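First up is the structure itself, then whatever we jot down about it.
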Amino acid sequence: MKVNGHLVTSPEPDTRLLDYLRDELGLTGSKEGCGMGECGSCTVLIDGRPACSCLVLTGQVAAAEIVTVEGIAEHPLGPALQEALIKNQAVQCGFCTAGIVVSAAALLAEEADPDEDRMHAALEGNLCRCTGYGAITRALRSVRR
Amino acid sequence: MPEDPTLAVAAGGVRRPEGAAGRMVGRSVPSDQARAAVDGRLEYVTDRRLPGMLHGAVLRAKVPHARILRIDTTAARAMAGVRAVVLAADVPFNLLGPSEANGPVLAATTIRQVGDPLALVAAVDEGTARRAAEAIVVELEPLPVVADAAAALSPDATPLYPTGNEAGRISFASGDVETALEAADTVIERDVFTPAQEHVAIDTPGGVAVWESGRVTIWCGSQNPGLHTRQVARAMGVEVADVRMIAGPVGGAFGARNDDPMPTLLAVLAKAAGKPVAMRMTREETMISGAKRHPFSTRLRLGIDADGKFIASDMTAVADTGPYLTSGPFVLKTSAEMSVGPYRMGVARYDGRVAHTNNANAGAFRGYGVPQVAFPLETAIDEAAERLGVDPVELRMRNLLRGGERHGLYGHVITTGLRAAETLQAAAGDEWWADRKAWQAKAQGPWRRGTGIALAVKGVGMGSGRGDAARARLIISLDGRIRIWAGPNHTGQAIDVAYRQVAADTLGLPADQIEVVVGDTQLVPESGATAASRSMYAGGAAVRAVCRQLLEAAGEHSLDDLPTLAAKLVADERAEFEATFHLPDVSDTGLIDPEELGTYAPHLVYGASAQVVRLEVNELTGEIRVLGVVCAVDCGTAINPGAVIGQAEGGVAQGLGFALMEDYRLADGQPVTRSLENYLIPTIRDVPEIRTLLIAGDEPSGPMGAKGMAEVVIVPTAAAVAAAVADAVGVRPDRLPITPEMLLMARAS
């Protein structure tokens with residue numbers, strides 16, 4: 001398994017990916033908000049596709065490339081996206097932000113100019129209770145332009 | 001520093017407030033924590049790890065009401081890796097507040113709701129702690145479950161406490177309401193129910209506690225760190241000064257972290273374990289045992305004369321606070337005061353009661369009892385407008401309270417800073433309201449179109465007679481830096497940034513020479529809660545006051561050369577300042593006996609919000625699609641407009657959830673909605689474009705004209721949605737959330 005470009009030692013196969021990232025690798029940027037795949041705060045990229053790391057066991061991704069929020073700055077558009085979220089005041093408490101950053105990076109990598117529907121589809125798995133999503137939407141629009 | 005002078009306010013339709021010509025005030029400045037949050041580097045209290053740390057778990061009650069006969073921890077203690085097991089008898093003073101009804105830290109003799117903590121376990125890892133907690137054997141004798149608030153108040157109900165089930169009551173009349181209602185040309189009656197609402201801060205309660213030399217440091221989210229230090233000190237039998245709360249970074253609050261017992265649970269377990277302990281609640285634990293918005297059953301009769309004047313309002317309410325007293329009686333105070341909205345009333349009466357039940361404990365939630373009374377009042381006004389054939393904006397304008405006038409229930413004189421009329425007019429001026437008839441006419445297929453409007457006010461601060469105050473401390477150090485420790489804490493609103501904006505403009509200094517720290521009780525003087533829409537208003541005013549002390553001490557010396565000024569002030573032993581801002585009480589208390597001011601706690605200052613909702617209803621399925629919301633906000637000077645807009649949009653989104661999908665349910669005391677799989681909150685797909693309009697205003701008692709606004713924005717949303725539904729399909733919802741099933745059934749009848 002590679003995490004943010006680094007080869008890592010194989011963890012126990014029945015460890016939740018989220019726990020492995022947070023407790024073994026110290027990558028605490030991915031957050032647990034529900035543990036049931038409902039809130040999206042633990043979203044990471046698995047071979048480029050966003051997934052809830054609370055629903056994945058490390059044995060399922062033993063040969064995968066994982067990118068967490070800590071590695072997103074290396075992702076195409078990552079820094080621009082992060083900058084846009086800051087400037088548009090899309091970070092309030094910031095707890096859902098890691099998942100938003102990862103989901104949005106995956107979307108923008110796939111589609112440089114997503115329409116509203118695509119944006120909704122890409123982010124509807126990321127719950128934010130602070131912003132009402134307005135600033136997040138404005139941030140994403142500013143990046144795609 | 002995050003300040004970016006080129007940054008423009010992002011949302012459309014923003015009006016820059018007048019009098020915001022300062023260098024920092026009026027500019028949109030991101031949160032200081034934003035950069036670390038987008039990089040994943042920001043360490044929340046629930047991310048914190050200490051060497052040698054143990055992990056905690058809570059054994060929680062699975063039944064709503066029972067007598068505890070025996071708790072056997074033998075098996076749990078024998079498990080490998082278990083370091084401590086704590087029961088009620090191990091807690092020095094086993095109460096979360098001064099009275100029995102505040103609830104125990106750990107249940108000792110009686111279980112009163114599902115989720116009551118019975119035991120704490122510390123172990124080498126979380127899995128072991130949770131397995132050990134489940135290995136504890138509990139023998140119970142079931143007791144009758146009190147599951148209905150109205151029934152709980154009847155004389156033959158099972159009493160949860162020796163004094164009965166009434167946890168609080170507010171009853172007040174400004175005159176003879178019955179006679180006035182008889183004389184009214186039109187009387188609108190509403191009988192409504194608004195449900196319990198779950199906060200769903202994405203970060204569940206948790207943190208770390210460590211004891212060193214008889215003192216405890218607790219990293220745990222809190223909206224009221226000072227209150228939590230007192231709660232911990234009481235339970236542990238130590239001095240308040242021996243408890244340090246570091247209340248962030250934390251992932252959201254919305255009222256949930258006012259009443260959260262987690263700091264006390266952490267302190268108790270870490271003491272018993274003799275090691276640092278981390279503990280975090282799962283989402284299910286949070287949903288079962290965390291506080292909710294109070295469910296309310298409310299009846300209203302609104303009497304209107306031939307000229308469309310409101311001549312009488314009579315509201316009765318029953319709120320379900322669950323078994324424990326946290327905010328219930330205080331929630332009722334704001335309900336009573338806001339039961340007449342921002343309107344003149346010929347006479348008014350409010351009679352509200354809070355009941356104890358074995359349902360989920362209810363506490364503080366953004367809006368604090370006001371959405372529950374605004375829903376019946378505003379929907380009654382909308383119904384009246386329809387019945388009288390008067391435009392709903394016009395009907396409100398005829399009755400609106402202006403700044404400096406007397407409150408509709410208590411008759412106290414309110415601030416001259418209220419801009420409710422301007423706020424309503426601004427919302428109604430938006431094309432979504434102005435063009436609603438033409439837009440409605442273009443509806444197609446089964447999707448019927450409707451537009452609704454509603455207005456609300458919410459008091460700023462704890463209210464008169466409560467001794468509400470905030471404080472700030474300032475030090476100028478020899479390196480020329482200014483440090484300010486200020487109250488109400490940041491739980492997501494970037495309040496520390498706004499304090500710095502106020503300080504920068506008060507001192508005439510660049511913001512990057514000023515550091516602001518919030519949320520640490522060892523550094524920040526007691527400033528009360530991040531609640532009651534008071535942070536910007538009270539905390540900002542304290543910051544401004546402490547900055548003025550520095551200016552006064554500096555005298556003719558310039559602040560351009562801070563190191564020189566600092567050297568002089570240090571030599572004079574005058575380099576440290578502390579200021580207190582006492583929130584002003586009403587000076588004319590109207591009908592309230594001044595001796596009883598705190599009983600009713602009327603406000604001098606109110607924020608207002610008027611909202612327009614446009615939506616479509618599918619006639620065949622009852623589905624509702626919200627297509628846009630206009631949110632006009634009377635916030636005085638917007639210190640950080642982008643942050644204000646963020647609060648407005650977030651509040652409206654929570655209001656839409658309350659209106660359309662959020663419904664915390666129990667069945668005979670058993671929580672049904674235990675996870676985000678069956679308790680739904682709005683996703684990005686559910687929240688339409690929100691047009692936020694910041695209304696030019698100036699609150700005379702606030703810092704640079706600012707006042708609080710982050711609660712009032714959730715208040716009118718549900719009523720505006722209901723009005724839009726009525727406009728679309730002719731059904732007036734009388735309970736929330738407005739679901740497709742309910743709409744179809746209402747249309748069928």
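Values in this text are rule-based calculations from the coordinates and carry no lab data. Because the structure is a prediction, the values reported are computed rather than measured. All Cβ positions, glycine included, derive from the backbone under ideal geometry; neighbour counts span all protein chains shown.
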Next on the checklist: So for segment B:417-431 (the condition being farther than 23 Å from B:V370 by Cβ and of a type in the set (S, T, Y)), does at least one residue qualify?
Outcome noted: no
Item to check | Residue identified as touching a Gly at 6+ places or on another chain (Cβ under 6 Å) and closer than 20 Å to B:T286 by Cβ among A:C39, A:C34, A:C96 | outcome: A:C39
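Based on what the data block shows, is B:R35 under 30 Å from B:D496 (Cα atoms), touching a Pro at 6+ places or on another chain (Cβ under 8 Å) and charged (D, E, K, R)?
Yes: the conditions hold for B:R35.
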Checklist entry - Tell me, which helices (runs of 4 or more DSSP H) wholly within segment B:313-414 include 3 or more residues that are hydrophobic (A, V, I, L, M, F, W, C) and surrounded by 23 or more Cβ atoms within 10 Å (Cβ to Cβ)? => result B:328-338, B:370-388
Item to check | Flag for B:L656 being of a type in the set (A, V, I, L, M), more than 30 Å from B:Y537 (Cβ to Cβ) and within 14 Å of chain A (Cβ to nearest Cβ) | outcome: no
Checklist entry - If we scan segment B:332-341, do we find a residue that is among the acidic types (D, E) and in contact with a Phe, Trp or Tyr (Cβ under 8 Å, 6 or more places away or on another chain)? => result yes
Item to check | Selection from segment B:216-255 of residues that are of a type in the set (A, V, I, L, M) and within 14 Å of chain A (Cβ to nearest Cβ) | outcome: B:A247, B:V250, B:A253
Next on the checklist: Let me spell it out: the conditions are (1) more than 14 Å from every other protein chain (Cβ to nearest Cβ); (2) free of Cβ contacts under 8 Å to residues at least 12 places away in the same chain, and B:D585 meets all of them except one. Which number is the exception?
Outcome noted: (2)
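Quick grid of which residues meet (1) touching a Gly at 6+ places or on another chain (Cβ under 9 Å); (2) of a type outside the set (A, V, I, L, M, F, W, C); (3) surrounded by 23 or more Cβ atoms within 10 Å (Cβ to Cβ):
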| site | (1), (2), (3) |
| --- | --- |
| B:T589 | yes, yes, no |
| B:V617 | yes, no, yes |
| B:G628 | no, yes, no |
| B:C635 | yes, no, yes |
| B:A638 | yes, no, yes |
Next on the checklist: I want to confirm something. Restricting to segment B:282-312 and keeping residues that are closer than 29 Å to B:Q113 by Cα and in contact with a helix residue (DSSP H, G or I) (Cβ under 7 Å, 6 or more places away or on another chain), which single residue is surrounded by the fewest Cβ atoms within 10 Å (Cβ to Cβ)?
Outcome noted: B:S297
Next on the checklist: Give me the residue from segment A:31-66 that is under 13 Å from A:A104 (Cα atoms) and touching a helix residue (DSSP H, G or I) at 6+ places or on another chain (Cβ under 8 Å) and, out of that set, surrounded by the fewest Cβ atoms within 10 Å (Cβ to Cβ).
Outcome noted: A:R49
Item to check | Residue that is surrounded by the fewest Cβ atoms within 10 Å (Cβ to Cβ) [pool: residues in segment A:126-135 that are within 7 Å of chain B (Cβ to nearest Cβ) and on the phi < 0 side of the Ramachandran plot] | outcome: A:L127
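If you check B:S558, B:S533, B:S464, which single one turns out to be assigned to a loop (DSSP other than H, G, I, E, B), of a type in the set (S, T, Y) and in contact with a Pro (Cβ under 6 Å, 6 or more places away or on another chain)?
B:S464
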Next on the checklist: Yes or no: segment B:496-506 includes at least one residue that is within 14 Å of chain A (Cβ to nearest Cβ), in contact with a strand residue (DSSP E or B) (Cβ under 6 Å, 6 or more places away or on another chain) and either touching a residue at least 40 places away in the same chain (Cβ under 8 Å) or not in a helix (DSSP H, G or I) (or both).
Outcome noted: yes
